[in-house]
1. With a 1.4 Å probe and every protein chain kept in, tell me what percent of the accessible surface of the chain is carbon plus sulfur.
2. Residues of the chain: accessible area per residue at 1.4 Å, in Å²?
3. What FRET efficiency comes out for the pair Leu104/Ala171, r = Cβ-Cβ distance, R0 = 22 Å, nearest 0.05?
4. From the helices alone, meaning DSSP H stretches of at least four residues, give me the mean residue ellipticity at 222 nm for the chain, per-run term -39500 (n - 2.57), in deg cm²/dmol to the nearest 500.
5. Ordered by residue, what ³J(HN,Hα) values in Hz, to whole numbers, does the stretch 113-129 give under the Karplus form 6.51 cos²θ - 1.76 cosθ + 1.60, where θ = phi - 60° and Gly and Pro are x?
6. As an exercise, identify the chymotrypsin sites (Phe, Trp or Tyr not before Pro) in the stretch 52-126 lying in DSSP coil whose Cβ has no more than 13 other Cβ atoms within 10 Å.
7. Where does each of 148-155, 94-101, 214-221 land if you order them by average Cβ count within 10 Å, highest first?
8. Lys90 to Lys199: FRET efficiency via 1/(1 + (r/R0)^6), r the Cβ-Cβ distance, R0 41 Å, to the nearest 0.05?
Amino acid sequence: MSVRRLAKEQPASFAFSKDAKAKAEWWIKKYPENRRQSAVIPVLWLVQKQEGWVSEPAIRAVGELLGMPFIRVMEVATFYTMFMLEPVGKTALIQVCGTTPCMLRGANDLMKVCKDKIGPKDHLSADGRFTWQEVECLGACSNAPMAQINDYYFEDLTPETIGQIIDDFAAGKTPKPGSYVGRHTSAPLGGAKTLLDPKLYDGSAAKPIKKLPNSDPAPVEKAPA
């Protein structure tokens, strides 16, 4: 099991933006004052959305805000892989799923394209705009192979389509997320194969129920005199 560590180079300081601080306070108010530490995960996420990653000064700032020891915040930040502990691409963080369904459908070919266009995985590209990673299952197995890019899923990918997506991000465009073969959500290619008659699920064939079964009130026993 690998140990996730903070980046060697750290910024001198961190400060919450006005918007991030307001959202952090909103999260904190969801918990009793003596349980404000419960907001640590959403507050760390706000830090990452603001900066792109979670630095040591940011972890200390979160600890001060929540009244937590620095090491406790560090434990959370280093445990969850959703938190980036070193700078990532400012344009795109590409997380390619490498678990079995995606691997069988060509994930390794997608990773080769990422390596050729961006560089080694888990490293910031030379221009500072891209980072790509291999990650575990992202839960879109029906639409394999796929990748999460920034906040969105890009599904049913091929080496050609992911290459074009990277090129579009590099050109300042905003590639459309979702399926790249026209699939609707997780339906089969070409459309749904079952439940084709709306009457099967729209309620039109349902008969009104005059009385729910077992709906009579339970008898009330009288107390003995």
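1. 56
2. For the chain, the per-residue accessible area is 66 Å².
3. With a Förster radius of 22 Å, E is 0.10.
4. -9500 deg cm²/dmol
5. With coefficients 6.51, -1.76 and 1.60, one gets 4, 4, 5, 5, 8, 10, x, x, 5, 6, 10, 5, 5, 4, 8, x, 9 Hz.
6. Within the stretch 52-126, the qualifying chymotrypsin sites (Phe, Trp or Tyr not before Pro) (loop, at most 13 other Cβ atoms within 10 Å) are Tyr80.
7. Result, highest mean first: 94-101, 148-155, 214-221.
8. It comes out at approximately 0.20.
The values are calculated or read from the model by the stated rules, or taken from the named source; none is laboratory data. Quick caveat, the model's predicted, so the values are computed rather than measured. Note that each Cβ is placed from the backbone with ideal geometry, even for glycine, and that neighbours are counted across all protein chains shown. We work out accessible area using only protein heavy atoms, side chains counted, and drop any ligands, DNA or RNA first. Shrake-Rupley method; radii C 1.70, N 1.55, O 1.52, S 1.80 Å.
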